[in-house]
Amino acid sequence: MESKVRKALRNPFALTIIAIILGFIIAMFILAVAGFPPFKSVGILIKGMLGTPKDFTAVIIKSTPIIFTGLGVAFAMKTGLFNIGGEGQYMVGCIAAVAIGSWLDFPAPLQIIFTVLAAVLASALYAGLVGLLKAKKGIHEVISSIMLNWIALYLNNWFTNTNFYHKPNTMGSYPVRESAYTMILPQWKRSEAGLAVLRNNKFLLQVLGRNDVNVGFIVAIAASVLVTWILTRTRKGFELRAVGSNIHAARYTGIDVEKNMIQSMMISGALCGLGAAFYITGQQPHLLNTLSSSENIGFNGLSVAFIAQNSPIGCIFAGLLFGGLLYGGATLQSQLGAPTEIINIIIGVIVFLVALSILIPRFLDTHTKKEKPQEVTAKEKEKKKGAGNV
Amino acid sequence: MAEVSNEYAVQMHGITKSFGSFYALTDVNLDVKKGTIHSILGENGAGKSTLMNVLYGLYQADSGRIYLNGKEVSIKNPTAAIENGIGMVHQHFMLVDTFTVTQNIVLGAESTKGGIALDMKKAKANVLELVAKYGLDVNPDALVRDITVGMQQRVEILKALYRGCETLILDEPTAVLTAQEIDDLIKIMKALIKDGKTIIIITHKLKEIQASSDECTIIRRGHYIDTVPVKGVSEDELAEKMVGHAVKLVVEKTPAKPKETVLDIQGLYVKNDQGLDAVKDFNLQVHSGEIVGIAGIDGNGQKELMQAVNNLVPSTKGTIKINGHEIQNHTPRYGQDHGMSIIPEDRHKDGLVLSFSCYENAILEKYRDPKFNPGFTIDRKKMVEFTEKLIKQYDIRPETCGPVYAGALSGGNQQKIIIGREIANDPKLLIAIQPTRGLDVGAIETVHRTLIEERDKGVAVLLISYELDEVMQVSDRIAVMYDGHVQAIFKQGEVDNRQIGLVMAGGSIDGK
């Protein structure tokens, strides 16, 4: 029994789950201290996330951009780069999507392709600049990306207020054209025939009718599979990981370290750009607004990558958790009047506990109880036999 | 296994330690008499360091008992070890570079005035007392970053003594020292013994065991082999016990048959980190079918020369040609594409990605060969096949290491992966920089034999080593590097160690 617990504690996936559950327990304490009924609050929070198909669909939609930025951060991390600039890259992606998507006027598939490509390319180049500065001049990526985050924010505000793009009497720009929308069946669900079907199917009504369901989440899953494949199976991924794991050996054995750094940043940026593209084309209001501060999509991506411990597939689940907490937190706020800060504290506690959980296997190594070797070998023999039978 | 008695400072009986399914130690015994120097001899990966880490409380044994002065103890952590009078000097020093010698020694065991204020005066006096008592000559006020490696080792020894250690463990203490420093260390060890201390020294250098120790315990692949008195045992006997078969301590080879020039370095200049010329007007040719060794004291431009040859730093003047192609001031890849393979000096930093599996490390260069991986992806089947072949060919242990991360292997086996990988490139020029650093005699023999085999296949081999014996025994021609240039070139057997030592120090031999 003891060894089963220990085994679980060495499994990073199990550890993360334990950390998340613990996070909720601590959150309940915090809620209680703040004067909210803990069990009821968590109930509302979870119900807000998963209560109805509509809620869960909304969570998926809310999560999609942060899954992308999380993927971007995780990818850079796997290759030894700390991309704290996801925020700026995401914003630049949004700007490019609006710039192209509201200006060009092509039929649907072309308009979508151009808009998405514009966002991906802009974000990739913006991140590539960080890689270039690091590769050629040795400027640390954290410093340059923080600066570029601010530049992106003000670029957003300047762009939104240019004569060509600013929509008069609003705080925002013109939206992208409808031909660039990536929602699933946007026209059909508002047509007579569509409405008739939806009225008869409550589930579909909730999923499709009440939300901006878009293809972004499907693309995010595809992207995380693709990223996993690139990293583990391809020559490029092998190079990128070698540079990330030991830059000296990579250089010594003839890998072009500088080129790989730039490429890694560009791929990381492109993933953030995909998030931006599907946010602009897939969700209301399809436009840019003048912002007083960052929207934290890129920064939340850092937390997502961290909870996922840089596993691309893990980013999907971590992103859903994160999006769920943000969305469910809004319910908590509206129903109990709990401030949004409480939700942010819960998220912070979870991230903190995940960080702590990384230490547990190390703790186990130094505090392992003495076992007699004969027993161990006997157990192992049994295991081998068992495995053989399977 | 000796009976438990207080005549022994340390007794470890039936120690077994496993890491997962791998047994680092199986039923190992160690009996160290009080007031003696006891060596632990074994190949890389035999379990010497693991055994000492168990004694120092860094690892917990799965089973077995530890007795100090005849009393059974349980050592849960290094703090408990220190309380029991055990001190350890690790292979890699644990000092704070920007602190003074005294500050480093008292760190964690500071004497205070009234429990709060540091009493550095008293600390310094205590340190000076120890320095005088054992001849541990160091300046207590010098910054650690300013003193030599040998001095830093003395600081580590002082640290242990300051904490009142009675038994001192030295983990491969001579690996980083010069010949003179080794002599000094042995003197210090003798002084400590005279004062009633006990010393356990981990090593695989047979000469030093003979020069320093009273008794020697031999461990092979995690098993206890024997404990012998050092007097009256020959080096060959010790070596045989250590590796389990007779070892050739002298390198055997046929005369070289040099052919065309492969490596041609002309008038090369390279700057060091400080912007000074570290390599000045360096000229050297290496021919196909010969081994040229570069002898020299560390710091005479060898490092910069090798960095320039591998295009890690620019050359300011001169040419480096491989078979007539100029390769200087290109990329590392360019030299490799022209037939150069390098076994780097620092295998952890430059040779391996320690967190990668042995499979992945084995193909660290091969992966980009279009014949090996024609498509976008890594051909995993080929990767496994290729690595398994290397494991068999070079006897890399454990044989199941393929999917294990390279950091888990012992130094010798890590080196074998690098050597196997580099030779699999079919180089025209093979450069080996300190290829046997930190390896045991068995592994050294393999490395030297491999270099000679490559030579006989017609490869041009360049060997850079700070171990004069190695250069003298393996090389067909010996170039002495001094102050950035070749001071003199000798054929093997033309001069002896003493004469070449003179040239290494900047002198000259008549007529040269």
ask   = Exactly which trypsin sites (Lys or Arg not before Pro) in segment B:371-430 are in a DSSP loop and have at most 11 other Cβ atoms within 10 Å?
value = B:LYS371
query = Which FRET efficiency value, to the nearest 0.05, do you get for B:ALA211 and B:THR112 by plugging their Cβ-Cβ distance into 1/(1 + (r/R0)^6) with R0 = 45 Å?
reply = 0.60
task = Quick one: of B:LYS71/B:LYS349; B:LYS33/B:LYS76; B:LYS48/B:LYS71; A:LYS136/B:LYS366; A:LYS62/A:LYS259, which pairs are farther than 32 Å apart, Cα to Cα?
result = B:LYS71/B:LYS349; A:LYS62/A:LYS259
query = Along segment B:363-369, what does the Karplus equation 6.51 cos²θ - 1.76 cosθ + 1.60 (θ = phi - 60°) give for ³J(HN,Hα), rounded to whole Hz, x for Gly and Pro?
reply = 9, 4, 10, 5, 4, 9, 6
ask   = Distance in nm between label sites at A:LYS47 and B:ALA505, each 7 Å beyond Cα in the beta-carbon direction?
value = 9.0
inquiry  = Please list log₁₀ I(q)/I(0) at q = 0.09, 0.12, 0.15 Å⁻¹ for segment A:1-155, using the Debye equation with identical point scatterers on the alpha-carbon positions.
reply    = -0.52, -0.83, -1.02
Over chain A: helical MRE at 222 nm, DSSP H runs n ≥ 4 each giving -39500 (n - 2.57), nearest 500 = -24500 deg cm²/dmol
remark   = Residues whose built amide H sits under 5 Å from the amide H of A:ARG177, excluding neighbours closer than 5 in sequence, are A:SER102
request  = Output ³J(HN,Hα) for segment B:95-108: one whole-Hz value per residue in order, computed from phi by the Karplus curve 6.51 cos²θ - 1.76 cosθ + 1.60 with θ = phi - 60°, and x for Gly and Pro.
outcome  = 10, 8, 4, 8, 9, 6, 4, 4, 4, 5, 5, 8, 3, x
ask   = What average number of partner chain Cβ atoms lie no more than 10 Å from the Cβ of the residues making up B:354-363?
value = 2
remark   = For B:VAL89, other-chain or 5+-apart residues with amide H closer than 5 Å (H placed, Pro excluded) are B:ILE169, B:LEU170, B:ASP171
note = Place a point 7 Å from the Cα of A:MET147 in the direction of its beta carbon; the residues of segment A:111-131 whose amide N falls under 16 Å from it are A:126-131
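Compute the signed sum of charges (Lys and Arg +1, Asp and Glu -1) over the other residues within less than 14 Å, Cβ to Cβ, of A:PRO65.
Numbers: positive: A:LYS62; negative: A:GLU87, A:ASP212, A:GLU295.
Computed value for this residue: -2.
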query = Hey, quick one: spin label on B:LYS231, modelled 7 Å out along Cα-Cβ, who in segment B:1-38 has an amide N within reach, i.e. under 18 Å?
reply = B:33-38
task = Taking a cut-off of 22 Å between Cα atoms, list the lysines near B:LYS122, but don't count ones fewer than 8 places away on the same chain.
result = B:LYS113, B:LYS133, B:LYS159
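With each run of n ≥ 4 DSSP H residues scored as -39500 (n - 2.57), what mean residue ellipticity at 222 nm is computed for chain B after dividing by its residue count and rounding to the nearest 500 deg cm²/dmol?
Result for chain B: -9000 deg cm²/dmol, rounded to the nearest 500.
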For A:THR234, distant residues with modelled amide H under 5 Å away = B:ILE378
remark   = Those helices of chain A passing the 30 Å axial Cα length cut-off and the mean Kyte-Doolittle cut-off of 1.6 (DSSP H runs only) are A:12-33
query = What lysines sit close enough to B:LYS317 to cross-link, taking a C-alpha to C-alpha distance under 20 Å and skipping anything fewer than 8 places away on the same chain?
reply = B:LYS271, B:LYS280, B:LYS303
request  = Could you list, in their original order, any pairs among B:LYS194/B:LYS416; B:LYS241/B:LYS416; B:LYS416/B:LYS457 whose Cα atoms are separated by more than 31 Å?
outcome  = B:LYS194/B:LYS416
task = Starting at the first residue of segment B:144-157, write each ³J(HN,Hα) from the Karplus equation 6.51 cos²θ - 1.76 cosθ + 1.60 with θ = phi - 60°, in whole Hz, x for Gly and Pro.
result = 4, 5, 8, 9, 6, 4, x, 5, 4, 5, 5, 4, 4, 5
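Can you pull the mean other chain C-beta count within 10 Å for peptide B:338-346?
Working: counts 0, 0, 1, 1, 3, 0, 4, 0, 3.
Rounded to a whole number, the mean comes out at 1.
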note = Stokes-Einstein D for segment B:184-316 (25 °C, 0.890 mPa s, Kirkwood Rh from Cα pairs), in µm²/s, comes to 126
For chain A, built as a Gaussian network whose Cα springs stay under 10 Å, the top-fluctuating residue of A:LYS78, A:LYS137, A:LYS189 = A:LYS137
remark   = Looking only at aspartates and glutamates whose Cα falls under 20 Å of A:LYS7's and that sit 8 or more positions away or on another chain, we get A:ASP365, A:GLU371, A:GLU375, A:GLU380, A:GLU382, B:ASP62
request  = Please identify which residues in segment B:232-276 have an amide N closer than 12 Å to a label point set 7 Å out from the Cα of B:ILE489, following the Cα→Cβ vector.
outcome  = B:261-267
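Rule-based calculations on the coordinates, nothing more; no lab input. Everything numeric in this text was worked out from a predicted model, so none of it was measured. Here the Cβ is made from the backbone with ideal geometry for all residues, glycine too, and neighbour counts use every protein chain on show.
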